[in-house]
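Here the structure comes first, spelled out in structure tokens, and everything after it is commentary.
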Amino acid sequence: MNLLQLPRCLLGSHQRDRRRAWYDGPVVRSHCTGCGKPMVKDSHGWHLDAAMPAQ
């Protein structure tokens, strides 16, 4: 968890973790460095994955 990223997460600006990225078919998946929420990269770029519930 990156404590400097947490305030940005609260404002809706998440950043993916490069070390925890993997290919899942046509998309790339990762987690946010601040809050740990799942993220996905598709044709629209990186954003939070709405299909996976937060833990």
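The values are calculated or read from the model by the stated rules, or taken from the named source; none is laboratory data. Predicted, not measured: the structure shown is a model, and the values here were computed from it. Counting neighbours? That spans all protein chains shown, and the Cβs are built from the backbone with ideal geometry, glycine included. Surface accessibility is based on the protein's heavy atoms, side chains included, excluding ligands, DNA and RNA. Shrake-Rupley method; radii C 1.70, N 1.55, O 1.52, S 1.80 Å.
Of the set (1) modelled with pLDDT of 90 or more; (2) surrounded by 10 or more Cβ atoms within 10 Å (Cβ to Cβ), all apply to residue 45 but (2). Selection over the stretch 1-23 of residues that are open to solvent by 80 Å² or more (accessible area, probe 1.4 Å), part of a helix (DSSP H, G or I) and in contact (Cβ under 8 Å) with a residue 12 or more places away in the chain gives a count of 2. Yes or no: residue 42 under 9 Å from the mean Cα position of the chain (by Cα) and charged (D, E, K, R)? No, not satisfied.
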